[in-house]
Amino acid sequence: MWLKRPKALGKGIASVNWVERSASGRSSARVLPMLFKWGSGGEERLPEKSISPGGPLFSRTSDTEDIMRRFWLTALAIALLATTVAPAKADYPLERFWRNFWRTAKANNKWPSPYTMADREATRAPFQMMIDKGWQTQSTMNAHYFQEDGHLTEAGQEKVLAILTHVPAEKRMIRVERAADPELTQARLAAVQQAATSIMRNGEVPPVTLTDERAWGWPALEVDTARRKFIETMPDPRLPKKQGFIDGT
């Protein structure tokens, strides 16, 4: 297709013969009005504005820019529509990108707050474990609390009383050291159960279980002997008498 020479219709107005040639070689023409400027000296100059068939006026130099601008505006509108109108359960790429972006930004701004709690829990965990082990040791009836026939000694009876009155309720469990003889083990269990029942007459008796843990530490006889020797050799609790000119002699 091509443009023929414009024909003047009036001041600043001209008609353009728009000729279209089909694939078979036949031509068809249309007359379109357009703005037209005349050069000085009566000479004609190509128009600055043209008309596309069936469309508004546009600049031939900005044709590609106009198409690209419309393309990007349409693409942006579709993207915004997809993120706002999309159902909440759908996971669209753009929505997932912005969600990950803002989550990462908030985590970076709050650092190290989200991570200190896990470190604190990991630091406190060994202390809680040591506390639990300590209450288990304090609630254990070892072999030295029993006589040879399985009955409790005087220290054993005091130990049962201390467990039932001083140990917290959630930690209250009497643990009896297992003996090599099964009959002796049953005798120890019966003695502890009888002592706990006599003490907790109106309360619930805590469970009595067996344990294989052995007592650790020094024998009481050695501890008592060392303590007595320390007291016997203790120096006189008085300051030595001052010597020399300081005391005025």
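What follows is calculated from the coordinates using simple rules that are stated; it is not laboratory data. Remember, it's a predicted structure, so these values are computed and weren't measured experimentally. With ideal geometry, Cβ positions are generated from the backbone for all residues, glycine too; neighbour counts draw on all protein chains shown.
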Rounded to the nearest 0.05, what FRET efficiency do ALA180 and ARG120 have when you use their Cβ-Cβ distance and R0 = 41 Å?
0.35
Compute the semi-axes of the equivalent ellipsoid of the range 113-247, taking the square root of 5 times each eigenvalue of the Cα gyration tensor, and list them largest first in whole Å.
39, 29, 15
Ratio of Rg to Rh over the range 104-169 (Cα coordinates, Kirkwood Rh, two decimals)
1.43
Using label points projected 7 Å from each Cα along Cα→Cβ, tell me how many nm separate LYS242 and SER113, to one decimal.
6.3
Where labels lie 7 Å past Cα in the beta-carbon direction, separation of ALA77 and ILE199 in nm:
8.5
Express in nm, to one decimal, how much length is gained between ALA162 and TRP218 on full extension, taking 0.36 nm for each residue of separation and deducting their alpha carbon distance.
18.1 nm
